[in-house]
Amino acid sequence: MIVTQRIDGKVRAERLVADVAAATSKFKAETGAAPGLCAVLVGDNPASQIYVRNKGRAAVAAGIESFQETLPATASEAELLRLVAELNADERVDGILVQLPLPKHMEPQRVIDAIDPKKDVDGFHVQNVGALWSGGLDRALVPCTPYGCLLLLRDLMPDLAGMEAVVLGRSNIVGKPMAALLLAENCTVTLVHSRSRSIPDLLRRADILVAAVGRAEFVRGDWIKPGAVIIDVGINRVAAGEGKSKLVGDVAFAEAQGIAGAITPVPGGVGPMTIACLLRNTLLAACRRRRMESVL
Ligand code: NAD
């Protein structure tokens, strides 16, 4: 019987934030300035407000200067593009993140591609996407969630070469960059999506399974290869009786026990890693803009 290890993303993220904070102090000592992160919020989506607030607090805790720009939901795309241009030119700002989703009258990729790629700490600019896929990891800013997943995997398995990795979900934010990172680690990568056939059979091949599908407990216990390492990116709110709700992942966590070798819980797995990697990207962007050796 396999004893399934619980991968503690919270503890790992705390370690990464501490490393970023230490490196930020060194950066400040050398440059006399703190790295700066500016979040842009358009409209008053409550979830987005909470995300932006949490990112700002985390930045400050790591010694990074945090700015926020807010536009009303009625702002035009041209106004947002003007703001992005100002931030591109602002010396205090090393990282720009435009909180998604944007109001429907705006084209998100057009806005993202207006960000200076060197300040694109979400890693969504087409230049960063291209650098990631063409093996230019040292030039790319990599999307935070998949990079956090990779760090968790590397802790368990320093060498991922030759492993069968299955990524469930092909979004630009998680699935596709995750596949690129695993390919760069020399895994054999299968990208599974809503039009894939025989999904359970595809998943049963996985030594490494990254689930980012956004469907509560979609992956069942008997889809998991014994001993597989599972990174569950999904965050799904479901009813928990008596009018209460709880968060669950994309994998049936209880069913995975005794089958998977290791699995991230939801919450407390990938989520904390995402914010920690945003701080890391901000520091990295600050160092690269000044042509400094990365202090991380
Ligand atoms: P998305 O909706 O953009 O993409 C979902 C993907 O799943 C799509 O590529 C689609 O092809 C695939 N899919 C949908 N239904 C499917 C089905 N029945 N069978 C196979 N594939 C199917 O979502 P996303 O932005 O990639 O996020 C995925 C999940 O991860 C969500 O629950 C989201 O909340 C969560 N998330 C968590 C973090 C974090 O920090 N922990 C960050 C980003 C996203």
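Side notes on the structure shown:
- Of every Cα-Cα pair in the range 101-258, the percent that sits beyond 27 Å: 29
- A quarter of the convex hull surface defined by the alpha-carbon atoms of the chain gives 16.1 nm² as the mean projection.
- In this structure the amide hydrogen of Phe67, modeled in the peptide plane, comes within under 5 Å of the amide hydrogens of Leu37, Cys38, Ala39, none closer than 5 places in sequence on its chain.
- The lysines within cross-link reach of Lys244, meaning a Cα-to-Cα straight distance under 26 Å and a gap of 8 or more places when in the same chain, are Lys10.
- Counting Lys and Arg as +1 and Asp and Glu as -1 over every other residue whose Cβ lies under 10 Å from the Cβ of Met163, the net charge comes to -4.
- For Lys118, the lysines whose Cα falls under 27 Å of its own Cα, not counting residues fewer than eight places away in the same chain, are Lys26, Lys28, Lys55, Lys104, Lys176.
- Applying a 4.7 Å cutoff between beta carbons, the unpaired cysteines of the chain are Cys38, Cys149, Cys187, Cys287.
- Percentage of interatomic Cα-Cα distances in the range 88-144 larger than 12 Å: 64
- In the calculated pair-distance distribution of the range 249-293, the portion above 16 angstrom amounts to 56 percent of the Cα-Cα pairs.
- The stretch between Arg57 and Glu255 holds 67.7 nm of extra length on full extension. This uses 0.36 nm per residue minus the Cα-Cα distance.
- Largest GNM mean-square fluctuation among Ser66, Ser245, Ser134, using the chain with Cα springs under 10 Å: Ser245.
- In terms of other Cβ atoms within 10 Å, Trp223, Trp133 run from fewest to most in the order Trp133, Trp223.
- Put in order of Cβ neighbour count within 10 Å, fewest first, the listed residues Phe253, Phe218, Phe27 become Phe218, Phe253, Phe27.
- For the chain, the dipole from Cβ point charges (+1 on Lys and Arg, -1 on Asp and Glu) about the Cα centre works out to 220 debye, to the nearest 20.
- Length available on full extension from Lys104 to Val126: 0.36 nm per residue minus the Cα-Cα distance, which gives 5.8 nm.
- DSSP beta bridges confined to the chain are antiparallel in about 10 percent of cases.
- Put in order of Cβ neighbour count within 10 Å, fewest first, the listed residues Arg53, Arg195 become Arg195, Arg53.
- Computed label-point distance, nm, for sites Glu91 and Arg220 using a 7 Å Cα→Cβ extension: 6.2
- Along each principal axis, Cα extent of the range 22-111, largest first, Å: 44, 27, 18
- Estimated purely from DSSP H runs of n ≥ 4, each contributing -39500 (n - 2.57), the mean residue ellipticity at 222 nm for the chain is -12000 deg cm²/dmol once divided by its residues.
- Extension gain, Met292 back to Ala29 (0.36 nm per residue minus Cα-Cα distance, nm): 93.4 nm
- Computed from phi, the 3J(HN,Hα) profile of the range 106-119 under the Karplus parametrisation 6.51, -1.76, 1.60 (θ = phi - 60°) reads 10, 9, x, 5, 5, 5, 4, 6, 7, 6, 4, x, 6, 10 Hz, with x in place of Gly and Pro.
- Cα Rg, Dmax, the range 168-289, angstrom units: 15.6, 52
- FRET efficiency for the pair Asp113 and Asn186, taken as 1/(1 + (r/R0)^6) with r the Cβ-Cβ distance and R0 = 35 Å, rounds to 0.70.
- About the Cα centre, charge dipole magnitude for the range 45-169 (Lys/Arg +1, Asp/Glu -1 at Cβ), debye: 280
Just so you know, all these numbers are worked out from the coordinates, no wet-lab data involved. Keep in mind it's a predicted model, so treat the numbers as computed, not measured. Note that each Cβ is placed from the backbone with ideal geometry, even for glycine, and that neighbours are counted across all protein chains shown.
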